[in-house]
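Each value in this text was obtained by applying a stated rule to the coordinates, not by laboratory testing. What you are looking at is a predicted structure, and each value in this text was computed from that prediction instead of being measured. Don't worry about glycine lacking a Cβ; one is built from the backbone with ideal geometry, like all the others, and counts go over all protein chains shown.
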Amino acid sequence: MSSKQIKRCSLGVAVLTGTLALTVAGQAEAATPRCATADLAVSLGEPKQLEEATGQYDVPVTFKNISSHTCGLHGVPGVDLVGPDDPNGPVYHLPRVDNGVRVNEVPAGSTATATVTVLTQEPGSVGSGGSTSWTPAKLVTIPPGQTEALSADWPSGLPVLRQDAATHPGSWVNGILADPPVS
């Protein structure tokens, strides 16, 4: 065999191997249906201040599988913070950062969590449109792949700096991660 034939053969094996791997991964994802909104309940955890970013907090958004079957929950949920009127309106739609797990099976009774990172309202700070002193009343979320929403009360002592017009706002929603099994 010539070196050119060996390279072609190696390339063909690499392409075939990659195709098979993608097919197997696609079949694994399709094996467990996505969690429907009706399969889930949502709750918010305690805000935790980030050590590396003064004024930013992570708020866990925990999805619990309340159905009797295992379902898949992966991707980035849609998240809106809803509160009092503001120069930007009463709804702050958070941008999504797709940094979660690609495949995530959630057995009945188990949970998976996304994190909302928010920049708080500091004294003297002004957000988009002149927004000041805005504290959401609730978080409304749409699980990945769904169209119906769930909601939870927002922590009353956690104001948010509205940056609706910012290209790199200090508030966003992160992708869903698998929670460790409860022992």
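Would you please state which residues of segment 141-182 a label at residue 132 would reach in this model, taking the label point 7 Å out along Cα→Cβ and a backbone N cut-off of under 18 Å?
Within reach of a label on residue 132, which here means backbone N under 18 Å from a point 7 Å along Cα→Cβ, segment 141-182 contributes 159-164.
Along Cα→Cβ, 7 Å out, is where each label goes; now give me the distance between the ones at residue 148 and residue 101 in nm to one decimal.
Calculated label separation equals 2.5 nm.
May I ask which residue of 131, 47, 70 lies farthest towards the positive end of the charge dipole of segment 18-156, with charges of +1 (Lys, Arg) and -1 (Asp, Glu) on Cβ and the Cα centre as origin?
The listed residue farthest towards the positive side: 70.
Only Lys, Arg, Asp and Glu count, each charged at its Cβ (+1, +1, -1, -1), so figure out the dipole size of segment 45-181 about its Cα centre, rounded to 20 debye.
Dipole about the Cα centre, nearest 20: 200 debye.
Excluding residue 159 itself, what net charge comes from residues whose Cβ is under 13 Å from its Cβ, given Lys and Arg +1 and Asp and Glu -1?
Combined, the nearby Lys, Arg, Asp and Glu give -1.
Tally Lys/Arg at +1 and Asp/Glu at -1 over every other residue whose Cβ is under 12 Å from the Cβ of residue 109; what's the total?
Taking every other residue near residue 109 into account, the sum is -1.
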